[in-house]
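Novice: Would you mind keeping the following structure in view while I ask a few things?
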Amino acid sequence: MSEVPLAKEAADAAPPAEDLVVLDKVNKHFGALHVLQDINLTIKRGEVVVVIGPSGSGKSTLCRAINRLETIDDGSITIDGRPLPEEGRELARLRADVGMVFQSFNLFPHRTVLDNVALGPIKVRGQDKSLARTRAQALLDRVGVGNQAGKYPAQLSGGQQQRVAIARALAMEPKVMLFDEPTSALDPEMINEVLEVMQQLAREGMTMVVVTHEMGFARSAANRVVFMADGRIVEEADPHQFFDNPRSDRAKDFLSKIL
Ligand code: ADP
Ligand code: MG
């Protein structure tokens, strides 16, 4: 193992706020569908929050709103004390503070694995090319795919591609990482290699929001579980309390189906 940590605090002049991501009365509609309903959620620096809930409850929309891939109708979202801007350079900068890993790996198919990781820092952060490549290689080593750097995404297994996607997000030195069902598209034997990388990140103090049905991960890595249903946060609890003693009928019903 190299000594380069996966999570590197971006140098920032502003004093660090303890509340890194704050959603205040966030509402969002898709036409008649009220997909996010009065969402209040605060994620502290270094906290790992697992979001679970039935399909269609708004989990992906919540992640996409935090990354400003979706607009919101009202309420506010702040990241490290700054409101999410509407557009322009400020938005690009803020979005770079939020790393996102999707269910589908979304790597650039015609770029090598190394380039997939190095391109963001070069193009968005203006990083020196050889420095970006050196850092990309170090990140690939850390997620265990350093020997795949010269290959193209399609030549890798799903688990390897998802680890490259994590390295690519980390290369931007985000303040918070969002994972939207990162293991749902993987063959079962590849799930653990991705969860292990996420566990390592969590141990290193990365602030993480993780949508997942992997209850083992939630129990061992989460500081808090947020249960969503029908566009609302129905329950928030410590993982052991949530899994062993859910309070709401919706959560009890959901857990009885997946456990
Ligand atoms: P989850 O991730 O919890 O499964 P989503 O956030 O993906 O839920 O979706 C919540 C609801 O919003 C679903 O009913 C979905 O069909 C709907 N939805 C999601 N994205 C769009 C969109 N771009 N336009 C219209 N409806 C959408
Ligand atoms: Mg989803």
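Novice: Enter the angle in degrees (range 0 to 90, nearest 10) between the Cα long axis of helix 249-258 and the first principal axis of the Cα atoms of the chain, meaning the one along which they spread out most.
Specialist: 50 degrees
Novice: Turning to a different aspect of this structure: Measure nothing but the geometry: give the 0 to 90° angle between the long axis through the Cα atoms of 113-123 and the longest principal axis through the Cα atoms of the chain, rounded to 10°.
Specialist: 80 degrees
Novice: Accessible area per residue of the chain at 1.4 Å probe, in Å²? Please report the intermediate quantities before stating the final value.
Specialist: Details: 12000 Å² over 259 residues.
Value returned for the chain: 46 Å² of accessible area per residue.
Novice: Quote to one decimal, in nm, the extra length available between E70 and E204 on full extension: 0.36 nm per residue of separation minus the C-alpha distance between them.
Specialist: 45.3 nm
Novice: Work out the length of the dipole vector of region 78-171 about its Cα centre, built from +1 on the beta-carbon of each Lys and Arg and -1 on the beta-carbon of each Asp and Glu, and round it to the nearest 20 debye. Present the calculation step by step, with values, prior to reporting the outcome.
Specialist: Working: 14 positive and 8 negative charges, 57 e Å.
Dipole of region 78-171, to the nearest 20 debye: 280 debye.
Novice: Sticking with this structure for a sec: In nm, give the distance between the simple-model label positions of R82 and S157, each being 7 Å from the Cα along the Cα-to-Cβ direction.
Specialist: Here the answer is 4.0 nm between the modelled labels.
Novice: Between E90 and T42, what is 0.36 nm times their sequence separation minus the Cα-Cα distance? Round to one decimal in nm.
Specialist: Details: separation 48, 0.36 × 48 = 17.28 nm, distance 2.19 nm.
Residue separation times 0.36 nm, minus the Cα-Cα distance, leaves 15.1 nm.
Novice: Expressed in whole Å with the largest first, what are the equivalent ellipsoid semi-axes of region 11-102 derived from the C-alpha gyration tensor as the square root of 5 times each eigenvalue?
Specialist: On the way: eigenvalues 100, 47, 30 Å².
Rounded to whole Å, the semi-axes are 22, 15, 12.
Novice: Taking a spot 7 Å from the Cα of D238 along the direction of its beta carbon, which residues of region 34-52 have an amide N less than 17 Å from it?
Specialist: 47-50
Novice: Here's something else I'd like to know. Among H29, F105, Q200, flag the residue with its Cα farthest along the positive direction of the charge dipole of the chain, charges on Cβ as +1 for Lys/Arg and -1 for Asp/Glu.
Specialist: Selected residue: F105.
Novice: Which trypsin sites (Lys or Arg not before Pro) does region 151-259 hold that lie in a coil by DSSP with at most 14 other beta carbons within 10 Å? Before the final figure, lay out each step's value.
Specialist: On the way: sites: K151, R163, R168, K175, R203, R219, R224, R232, R247, R250, K252, K257; in loops: K151, K175, R247.
Answer by residue number: R247.
Novice: Once you keep just the Cα pairs under 8 angstrom separated by 6 or more residues, what percentage relative contact order results for the chain?
Specialist: Once divided by the residue count of the chain, the mean separation gives 26 percent.
Novice: I need the shape label for region 197-259. Rule: rounded when a/c is under 1.5, else prolate if a/b > b/c, else oblate, with a, b, c from the alpha carbon gyration tensor.
Specialist: Details: a/c = 2.13, a/b = 1.82, b/c = 1.17.
It comes out prolate by the Cα gyration axes.
Novice: How high is the FRET efficiency from S184 to H29, r the C-beta distance, R0 25 Å, rounded to 0.05? Walk me through the numbers before you get to the answer.
Specialist: Details: r = 26 Å, r/R0 = 1.03.
Calculated value: 0.45.
Novice: Here's something else I'd like to know. For the pair T134 and L259, how long in nm is the line joining their label points, each one 7 Å along Cα→Cβ?
Specialist: Reported label-point gap for T134 and L259 is 5.0 nm.
Novice: Across every pair of different alpha-carbon atoms, what Kirkwood hydrodynamic radius in Å does the chain reach?
Specialist: 18.8 Å
Novice: Counting helices only, and only those DSSP H runs with n ≥ 4, report the 222 nm mean residue ellipticity of the chain as the sum of -39,500 (n - 2.57) divided by its residues, in deg cm²/dmol to the nearest 500. Display every interim value, and only then the final one.
Specialist: Values: 9 runs with 95 residues, N = 259.
Per the formula, -11000 deg cm²/dmol.
Novice: If the convex hull of the alpha-carbon atoms of region 41-149 is projected onto planes in all directions, what is the mean projected area in square nanometres? Don't skip to the end; give the middle numbers.
Specialist: Details: hull surface 35.5 nm².
For the Cα atoms of region 41-149, the hull's average projected area reads 8.9 nm².
Novice: Using packing as a proxy for protection, rank 122-130, 208-216, 19-27, 103-111 so that the peptide with the highest average count of other Cβ atoms within 10 Å comes first.
Specialist: Numbers: 122-130: 12.8, 208-216: 20.6, 19-27: 18.1, 103-111: 14.6.
Going by the mean number of other Cβ atoms within 10 Å, highest first, we get 208-216, 19-27, 103-111, 122-130.
Novice: Return the ratio Rg/(2.2 N^0.38 Å) for region 143-259, where Rg is computed over Cα atoms only.
Specialist: On the way: Rg = 15.8 Å, N = 117, 2.2 N^0.38 = 13.4 Å.
Here the answer is 1.18, to two decimals.
Novice: State the percent of C-alpha pairs, over all pairs in region 72-122, separated by a distance greater than 12 angstrom. Present the calculation step by step, with values, prior to reporting the outcome.
Specialist: Values: 941 of 1275 pairs.
The answer is 74 percent, as a whole percent.
Novice: Which order do V49, V234 take by accessible area at a 1.4 Å probe, largest first? Spell out each step's value before the answer.
Specialist: Details: V49 0, V234 60 Å².
If we order V49, V234 from most to least accessible, we get V234, V49.
Novice: How far is helix 188-203 tilted, in degrees, relative to the longest principal axis of the Cα atoms in the chain, given as a value from 0 to 90 rounded to the nearest 10?
Specialist: Approximately 90 degrees, to the nearest 10.
The values are calculated or read from the model by the stated rules, or taken from the named source; none is laboratory data. These numbers come from a predicted model, not from an experiment. Note that we place each Cβ from the backbone using ideal geometry, even for glycine, and neighbour counts take in every protein chain shown. Just the protein is used for accessible areas: all its heavy atoms, side chains included, with ligands, DNA and RNA removed. Shrake-Rupley method; radii C 1.70, N 1.55, O 1.52, S 1.80 Å.
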